[in-house]
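*Asks:* Sending over a structure as structure tokens; questions will come in a sec.
Throughout, read-outs are computed from the coordinates displayed, never taken from laboratory work. Just so it is clear, the model here is predicted, and its values are computed rather than measured. Ideal geometry is used to build each Cβ from the backbone, glycine not excepted, and the neighbour counts take in all protein chains shown.
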Amino acid sequence: MDVVVIGAGQAGLSAAFHLRRVGLEPDRDFVVLDHAPRPGGAWQFRWPSLTYGKVHGMHALPGMELTGADPARPSSEVIREYFETYERTFGLRVHRPVGVSAVREGEHGRLRVETSEGVFAARALINATGTWDRPFWPRYPGQDTFRGVQLHTAGYPGPEAFAGKRVIVVGGGASGTQHLMEIAPVAAGTTWVTRREPVFREGSFGEAEGRAAVALVEERVRRGLPPRSVVSVTGLPLTDAVRAARESGVLDRLPMFDRITPTGVAWNDGRSVDADVILWATGFRAAIDHLAPLRLREPGGGIRLEGTRAVRDARVHLVGYGPSASTIGANRAGRAAVTDIRRLLTREPAADTPALSGVPA
């Protein structure tokens, strides 16, 4: 293949769409590999109570709007069906479920992509694996002694599972606040704990504010540091529901505890809270371990990018990573990656391969 795309979420499908637009054919010039059993990217794994009407900032894929969706339906169903229709409409022919174990240097200047479907030799790679497969679990003293249940946002089953339970929610992002507002009406009690004081955002969030937030994330990536999510620098939107939760005490935040006990959590000042469940709404990290053989990481722990291109290997592009982690950012990154890869392939044709079909040399 000339190009291998790993991942068929928003970023991967955007990239595949633009590959087709420049004349490349699926399964002949490029291939899209996805580890999930069906379309929908990470959305297919979201909890049932996250309805489409509660989703913030879902941006349509290029070339096809998402219209007429029932806001009361689970977002996992709405977006899965949308992605499935999108793949079929544009003939993207995603291979699934396919796991990618490693990407390493291959022969004749190609990248060797090792997968459960076999080995692909690629002239360029678009990595669009997102973060859902790498939930971040912080470690605290005593964590292994807790006699209750610990789970992460990635495994959140919906509020009904917490009926009558004492629940500690850890994390100051959008998921943490959504979980608290859903769980509080049915739980015996909830406690909200965050490492930093949450920042609530008043007023509208327009294009200028969005660009400024993305720029902060982009600067970290440019310095070779692990990216923070775009959401982490925008603050939490102060909606009517959030205001009500703050006034009722549901979103009354406590500082991070110092240790976990068999029956709950404790602080060094003598305070403690008993709990049946600790819910870690602590985010995710980029799922890029399969790229480790290429040694793309900088000393700071991240992969330094110029646009979407890895600085250490011009054949590798990361989309949906860092500044392009939002849905609109993923669309733009998919287009940018294909534009750059098209230049690379037409400028440097492989010695044993004719010029790309549909792309003038």
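*Asks:* Quick one: Debye curve from the alpha-carbon atoms of the chain only, equal weights, vacuum; give me log10 I(q)/I(0) at q = 0.08 Å⁻¹ to two decimals.
*Replies:* -0.44
*Asks:* Would you list I126, I6 from fewest to most Cβ contacts within 10 Å?
*Replies:* Working: I126 30, I6 27.
With the sparsest Cβ surroundings first, the list reads I6, I126.
*Asks:* Another question, if that's okay. Just to be sure I understand: of the beta bridges DSSP finds with both ends in the chain, what percent are antiparallel, rounded to 5?
*Replies:* The answer is about 45 percent antiparallel.
*Asks:* If you don't mind, there's one more thing I want to ask. If region 66-207 were replaced by its equivalent ellipsoid, with semi-axes equal to the square roots of 5 times the Cα gyration tensor eigenvalues, what would those be, largest first, whole Å?
*Replies:* One finds semi-axes of 38, 24, 17 Å for region 66-207.
*Asks:* What number do you get for region 29-147 when its Cα radius of gyration is normalised by 2.2 N^0.38 Å, N = residues?
*Replies:* Working: Rg = 18.3 Å, N = 119, 2.2 N^0.38 = 13.5 Å.
This ratio for region 29-147 stands at 1.35.
*Asks:* Let me ask something additional. Quick one: if the Förster radius is 22 Å, what FRET efficiency do D258 and E202 give, using the C-beta to C-beta distance and rounding to 0.05?
*Replies:* So, using R0 = 22 Å, E works out to roughly 0.10.
*Asks:* Rg to Rh ratio, region 84-168, alpha-carbon atoms and Kirkwood radius?
*Replies:* Rg/Rh: 1.16.
*Asks:* Please list, short to long, the whole-number percent of alpha-carbon pairs of region 4-97 in consecutive 5 angstrom bins beginning at zero.
*Replies:* Here the calculated profile for region 4-97 is 3, 14, 26, 24, 16, 10, 5, 2, 0.
*Asks:* At a Förster distance of 22 Å, what's the computed FRET efficiency of R112 paired with R285, Cβ-Cβ distance as r, to 0.05?
*Replies:* Approximately 0.35, to the nearest 0.05.
*Asks:* Which whole-Hz couplings ³J(HN,Hα) result when phi for each residue of region 103-111 is put into the Karplus expression 6.51 cos²θ - 1.76 cosθ + 1.60, θ = phi - 60°, listed in order with x for Gly and Pro?
*Replies:* 10, 9, 5, x, 8, 6, x, 8, 8
*Asks:* With contacts defined as alpha carbon pairs under 8 Å and 6 or more residues apart, what's the relative contact order of region 1-86 in percent?
*Replies:* 31 percent.
*Asks:* Starting at the first residue of region 265-281, write each ³J(HN,Hα) from the Karplus equation 6.51 cos²θ - 1.76 cosθ + 1.60 with θ = phi - 60°, in whole Hz, x for Gly and Pro.
*Replies:* 9, 8, 10, 5, 7, x, 6, 8, 9, 7, 7, 9, 9, 10, 9, 8, 9
*Asks:* Give me a comma-separated list of calculated 3J(HN,Hα) values for region 150-166, in order, Karplus coefficients 6.51, -1.76, 1.60 applied at θ = phi - 60°, integers in Hz, x for any Gly or Pro.
*Replies:* 10, 8, 10, 3, 4, x, 5, x, x, x, 4, 5, 10, 4, x, 9, 8
*Asks:* Once fully extended, how much extra length lies between A314 and D27, figured as 0.36 nm per residue of separation less the alpha-carbon to alpha-carbon distance? Show your work: numbers first, answer last.
*Replies:* Details: separation 287, 0.36 × 287 = 103.32 nm, distance 2.29 nm.
That works out to 101.0 nm of additional length.
*Asks:* How many nm separate the modelled label positions at S248 and R134, each set 7 Å beyond the Cα in the direction of the Cβ?
*Replies:* In this crude label model, S248 to R134 measures out at 3.7 nm.
*Asks:* Using alpha-carbon pairs under 8 Å, 6+ residues apart, how would you state the relative contact order of region 1-159 in percent? If you can, show how the numbers build up before the last one.
*Replies:* Values: 262 pairs, mean separation 48.2, N = 159.
Reported relative contact order: 30 percent.
*Asks:* Can you put K165, K54 in order of Cβ neighbours within 10 angstrom, beginning with the fewest?
*Replies:* Going from least to most buried by this count: K54, K165.
*Asks:* Treat each spin label as a single point 7 Å out from the Cα along the C-beta direction, and report the E84 to R343 distance in nm.
*Replies:* A separation of 4.0 nm, rounded to one decimal place.
*Asks:* Mind checking the angle between helix 174-183 and the chain's longest principal axis? C-alpha axes, 0 to 90 degrees, to the nearest 10.
*Replies:* That works out to roughly 40 degrees.
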